[in-house]
Structures are given as structure tokens and as C-alpha cells.
Amino acid sequence: MTTAILSALPEEQGGLVQALEQREQFQYAGREFWRGRLYGQMVVLGLSGIGKVAAATAATVLLERLGVQRIVFTGVAGGMGEGVQVGDVVVATQFLQHDMDASPIFPRWEVPGYGCTQFVCDPELSAALFESASAYLANAKAGCASQGSEITRIRATRVHRGLVVSGDRFVSTLAESAALRTVLATAGYEALAVEMEGAAVAQVCRDFGKPFAAVRIISDRADDSAHVDFPRFIREVVRPYADHIIAGFLQR
């Protein structure tokens, strides 16, 4: 079984490409892919680019052209839920497109033709990601006391599971984040994090009948400092998270 590890940006995949054995690099539909073995498993690493359409294109290529059997997305997100802080990890249980609105023909957030607002992630894959992330963060937290770098001061103390919302907008002000969280909560949706690709990949995987799961590292609180925090976090922190969480996942 071949697993695809998909991310929007190369930094979100850490050192996975360098760790790939029998590596074969190729391009399709303007995107880069690497195929090989990683921790004993056949994998395809892919970069989708940013946004829902870009992510849907990459997911379709992986499933239709490259024949992968399951997709796992790894990357960063803005924290929205209560207690979801920078450095935490969110494993998605389902996705919703927060910018989908075909009302009044369809209820707000319902995806036309599907009769639902949310796309559910594969429980087995999600459980493996949760276990791997929990193990890594426990080890990382234990090691923080003996280190003093800026990286280790961002203490990843929790792994969360729940709803992640996607949209073609980088949520980067406190007012926008609060408004989005409030309108979703009023309708009964408690979003833990916001990003720009996952819901599209989840929808494509449902179309193809293939399992999908996603793990997101919280890089900011989707507030007025998000545009400052994001590049630094991507550069300094994401690599070890991606390396260790995906390694643990594949070894499970």
C-alpha cells in the first residue's frame, strides 16, 4: 500500500524528502513529487501549493495518476479553539469549508451535491497520527528543561482532535478570527484550527473512496500577529515536528 504525504509548502515536510530511500523525483501538473521508501513503507511525497484548488489538483493527481491508496496531509494552521496554542498539534476528525456559502439554495457551509457540511477523516489513520503526535510531544516536552533555545520555549504540550476548517483566505486578524469562531459556534461547529487546504483534499478523497487524515501544527492564533509568527514558525519549528510525527505514523 502506497501512502501519500502531502503538504502545501516544502518546509511543512521537514526532512522527509532527504530521508526517502530509492528516491525518484518527478513533476506532474506543475507540481513536484518524490516516490520511494520511508521507514519501510512505500510513499509518495507531494507539494500541493497553497489553497483549496491547488490542494484538490494535487490530491487528484496522487489518486488518479499515481495510484496512491491513502493520503495524509501535514502542515501548519492557525489555532482557533479554546486552549489551542502555538506549538500544539491538531489531528483533524473532520473538515468544513468556512467560505462555502451557496445559500439560500443550500444551507450555509453545505457542499452542493453532497448533502453535508463536513467531510470525515479516516478514524484509523487519524488515531495513528494522534498516537504518534502524542508520543513525540511527550518526548519533546521532557527534553525542553535541559535546552534553552527559542524553539524549545514554544512548548508543545497538547495534542487535540476535532474539527478543522478550510478556506481560501489567510485568517490574520483577531477580529476576523473571533467573528469566524463565533458564527461557526452559533451553528454548532467548534473549530479547533483554520487552514487553506484540508477540506478540499478530504472532499477529493471522498470522491475516490480513499482514506484521508491530516495533522496540523499550530503556528499562530490566527490573530493580528499571525503574519509575523507564521514565517518564523515555518522556518524554525516545523521540520522536527513533521519528521518525528510522520516517522511515528509510518512505523505504526
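Here, each number is a calculation from the coordinates, and none is a lab measurement. Fair warning: this is a prediction, and the values are worked out from it, not measured in the lab. For neighbour counting, all protein chains shown are included, and Cβ atoms are generated from backbone atoms with ideal geometry for every residue, glycine included.
In the chain, which helices (entire DSSP H runs) extend 27 Å or more along their own long axis, judged by Cα positions, while averaging at least 0.0 on the Kyte-Doolittle scale? Sorted by number, the helices that extend far enough and score high enough are 123-144. P(r) tail, the stretch 1-88: Cα-Cα pairs separated by more than 16 Å, 53% of all pairs. Give me the percent of DSSP beta bridges within the stretch 75-251 that run antiparallel, rounded to the nearest 5. Around 35 percent of the beta bridges assigned by DSSP in the stretch 75-251 are antiparallel ones. Across the chain, the convex hull enclosing all Cα atoms gives 118 Å³ per residue. Under unit Cβ charges (Lys, Arg +1; Asp, Glu -1), what dipole magnitude, rounded to 20 debye, does the chain have relative to its Cα centre? The dipole of the chain has a size of about 520 debye.
Close amide H contacts of Glu32 (hydrogens built in the peptide plane, cut-off under 5 Å, sequence separation of 5 or more or a different chain): Leu47. Sequence-ordered 3J(HN,Hα) estimates for the stretch 111-117 from the Karplus curve with 6.51, -1.76 and 1.60 and θ = phi - 60° stand at 7, x, x, 10, x, 8, 9 Hz, glycine and proline given as x. Among Arg35, Arg216, Arg108, the ranking by other beta carbons within 10 Å of each residue's beta carbon, starting with the fewest, stands as Arg108, Arg35, Arg216.
Let me check against my output: what whole-number percent is the relative contact order of the chain, with C-alpha pairs under 8 Å and at least 6 apart? RCO, the chain: 30 percent.
Here's how it looks for Cys121: its modeled amide H is under 5 Å from those of Gln94, Phe95, which are all 5 or more places away or on a different chain. For Phe73, nonlocal amide neighbours, meaning residues 5 or more places apart or on other chains whose placed amide H falls under 5 Å from its own, are Leu6, Ala213, Ala214, Val215. Other residues whose C-beta falls under 12 angstrom from the C-beta of Gln203 contribute a net charge of +1, scoring Lys and Arg +1 and Asp and Glu -1. Between the listed residues Val91, Leu66, Leu16, the Cα displaced farthest toward the positive end of the dipole of the stretch 1-152, a dipole computed from Cβ unit charges relative to the Cα centre, is found at Leu66. Specify the residue with the greatest mean-square fluctuation among Pro107, Pro240, Pro211, computed from a Gaussian network of the chain linking alpha-carbon atoms under 10 Å apart. In this elastic network of the chain, the residue with the biggest mean-square fluctuation among Pro107, Pro240, Pro211 is Pro107. Positive contributions from Lys and Arg (+1) and negative ones from Asp and Glu (-1), summed over other residues with Cβ under 9 Å from the Cβ of Ala8, come out at -3. Stretched out straight at 0.36 nm per residue, the stretch from Ala185 to Tyr114 would grow longer than its current Cα-Cα span by 23.4 nm.
Loop-resident GluC sites (Glu not before Pro) (DSSP state other than H, G, I, E or B) in the stretch 60-113 with no more than 13 further Cβ atoms inside 10 Å of their Cβ: Glu82.
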